[in-house]
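One structure is given below, encoded as structure tokens.
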Amino acid sequence: MNLNFITFNVNSQLNPYAIPWNNHEEHRLSEDDRSLFITFSRGLPIPEIDIYNFFSWKYGNCIEYIYIHRPNNSSPPLFGKIVFKLCVTLYAIMGLEQEVRFRISSKSLWCKRYKKRVITHLW
């Protein structure tokens, strides 16, 4: 059996002592750029665990944390915020849409990109 091998001399310009690049941590966007603003139907809030389980089932281990605004009075929550570990998850969910609706536990969850609001007082 005659095996012929071709060898190539590769002159790499890469630094063999460089620290490996980690896209997940090094180039992470701000929390606001990785967040969705969520709203519930009036009187029908969805527990954090149900939201977490839904998005984990659909997109994998993607959620950093979920915040649900709970008013001081006894009224049910109306809105919240989901912060994802990576912004790519946000784009996978939203695409080019302004608003997306999901059904979780037979309840509606409305999502849109989070925009930080600055409150200014005019005196």
request  = Inspect all residues belonging to segment 56-67 and state whether any of them is within 14 Å of Trp110 (Cβ to Cβ), surrounded by 14 or more Cβ atoms within 10 Å (Cβ to Cβ) and touching a strand residue (DSSP E or B) at 6+ places or on another chain (Cβ under 8 Å).
outcome  = no
ask   = If you check Arg103 against the conditions, is it modelled with pLDDT under 95 and of a type in the set (Lys, Arg)?
value = no
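If you check Phe54, Phe37, which single one turns out to be under 17 Å from Lys112 (Cα atoms) and either within 12 Å of the chain's Cα centre (by Cα) or among the basic types (Lys, Arg) (or both)? Steps first, please.
Values: Phe54 fails: either within 12 Å of the chain's Cα centre (by Cα) or among the basic types (Lys, Arg) (or both).
Just one listed residue meets the conditions, Phe37.
How many residues are touching a residue at least 60 places away in the same chain (Cβ under 8 Å), under 15 Å from Leu29 (Cβ atoms) and touching a strand residue (DSSP E or B) at 6+ places or on another chain (Cβ under 8 Å) if we restrict to segment 68-111?
Going through segment 68-111, the residues touching a residue at least 60 places away in the same chain (Cβ under 8 Å) turn out to be 85-86, 107-111.
Among the residues that remain, those that are also under 15 Å from Leu29 (Cβ atoms) are: 85-86.
The next check asks that each one be touching a strand residue (DSSP E or B) at 6+ places or on another chain (Cβ under 8 Å); those that pass are 85.
Going through segment 68-111 one residue at a time, the tally reaches 1.
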Per-region count, segment 69-95, residues under 15 Å from the mean Cα position of the chain (by Cα) and either modelled with pLDDT of 95 or more or not polar (S, T, N, Q) (or both) = 15
remark   = Going through segment 68-108 in order, the residues found to be in a strand (DSSP E or B), among the hydrophobic types (A, V, I, L, M, F, W, C) and crowded, with 16+ Cβ neighbours inside 10 Å are Ile68, Ile82, Val83, Phe84, Phe102
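The values are calculated or read from the model by the stated rules, or taken from the named source; none is laboratory data. Bear in mind that the values here come from a model prediction, so they are computed numbers and not experimental data. Please note: Cβ atoms are built from the backbone with ideal geometry, for glycine as well, and neighbour counts cover all protein chains shown.
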